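The values are calculated or read from the model by the stated rules, or taken from the named source; none is laboratory data. From a predicted model like this one, the values you see are computed outputs, not experimental measurements. Note that each Cβ is placed from the backbone with ideal geometry, even for glycine, and that neighbours are counted across all protein chains shown. In case anyone asks, the SASA skips ligands and DNA or RNA and just uses the protein heavy atoms, side chains included. Shrake-Rupley method; radii C 1.70, N 1.55, O 1.52, S 1.80 Å.
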Amino acid sequence: MFRNTYDSDNTVFSPQGRLHQVEYALEAVKQGSAAVGLRSKTHAILLALKRSTGELASYQQKMFRIDDHVGIAIAGLTSDARVLSNFMRQQAMGERMMFNRPMPVNRLVSSIADKAQVNTQEYGRRPYGVGFLVIGQDQSGPHLFEFSPSGNSYEYYAMSIGARSQSAKTYLEKHYESFADCNLEDLIRHGLHALRETLQQDKELNVNNTSVGIIGPVGQHEKPISPPGSFRILEGDNVEVYLQSMEKKEEAPAPASVPDAAPAPTADEDVQMSG
């Protein structure tokens with residue numbers, strides 16, 4: 001494993017001004033299975049690819065409900081995600097008890113970003129090895145945030161994190177201008193297409209490995225919920241109708257046939273060099 005003099009502690013800067021332990025934590029996020037987030041004028045959605053450790057194991061949980069108006073998708077260490085999601089729930093619950101209102105989404109994301117930043121500055125701690133996509137809704141409409149172990153958080157129109165997430169980002173960058181006016185069904189279809197880009201060649205999305213999280217009014221294929229527009233997670237057979245609506249992936253063109261190579265010269269032939 002590659003090591004250098006400045007990566008033994010997260011409080012030591014390298015001569016280039018880098019914190020290597022924080023960068024290693026960001027790499028841990030890239031090892032997790034992919035998660036995609038999108039938002040329109042009326043909805044914010046999350047889509048996540050679930051992994052299984054083997055044939056006998058169930059698929060890991062990739063989404064957590066924080067409050068009626070907030071949900072998250074994770075990439076990285078699930079155990080770290082569990083600790084941070086519990087902290088977010090406590091913050092949201094405290095806001096309701098103190099002020100009798102849902103906590104603004106940007107302040108909730110800032111609270112975990114501040115908590116993560118402490119672990120990049122104090123001796124004897126390690127950065128969290130997990131990244132979040134956070135969706136929520138407040139008086140200003142739906143929101144999508146990304147949280148990273150470095151303590152940074154940003155708001156996005158669409159974003160993806162996790163393994164091979166760059167392929168999903170490429171799809172999102174091509175189509176993001178149309179997201180604002182999409183209905184829920186079209187928004188989920190775009191999200192599934194982006195998530196499909198992160199798969200290996202021989203894998204496909206199915207009801208077992210796909211999770212969908214939604215905030216906003218119910219869609220055509222959903223039952224009424226209470227309170228209206230609250231965060232809900234679709235898994236299993238509930239995802240099937242959206243998977244069926246996906247367009248087939250375009251087949252890559254067959255590679256052009258390569259002309260037969262000239263036979264190798266035998267030992268008693270001269271090799272002619274081209275000028």
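List of remarks:
- Qualifying residue in region 151-172 (condition: more than 21 Å from I66 (Cβ to Cβ), under 14 Å from the mean Cα position of the chain (by Cα) and among the basic types (K, R)): yes
- Residues of region 66-88 that are without any contact (Cβ under 8 Å) to a residue 60 or more places away in the chain and within 24 Å of H190 (Cβ to Cβ): I74 alone.
- Number of positions in region 83-104 that are in a helix (DSSP H, G or I), out of contact with any Leu (no Cβ under 9 Å at 6 or more places or on another chain) and closer than 17 Å to V134 by Cβ: 8
- Scanning region 98-137 for residues that are under 26 Å from G216 (Cβ atoms), free of Cβ contacts under 8 Å to residues at least 40 places away in the same chain and open to solvent by 80 Å² or more (accessible area, probe 1.4 Å) gives F99, N100, R101, R107.
- Region 22-65 - residue that is among the small types (G, A, S) and without any contact (Cβ under 8 Å) to a residue 12 or more places away in the chain and, of those, most open to solvent (accessible area, probe 1.4 Å): S58
- Applying the criterion of being open to solvent by 60 Å² or more (accessible area, probe 1.4 Å) and of a type in the set (S, T, N, Q) to the residues of region 1-21, the residue that is modelled with the lowest pLDDT is T5.
- Meets criteria (within 15 Å of the chain's Cα centre (by Cα), crowded, with 16+ Cβ neighbours inside 10 Å and outside any strand (DSSP E or B)) for L144: no
- Region 29-60, residues that are of a type outside the set (S, T, Y) and over 13 Å from the mean Cα position of the chain (by Cα): R39, K41, H43, A44, R51, G54, E55, L56, A57, Q60
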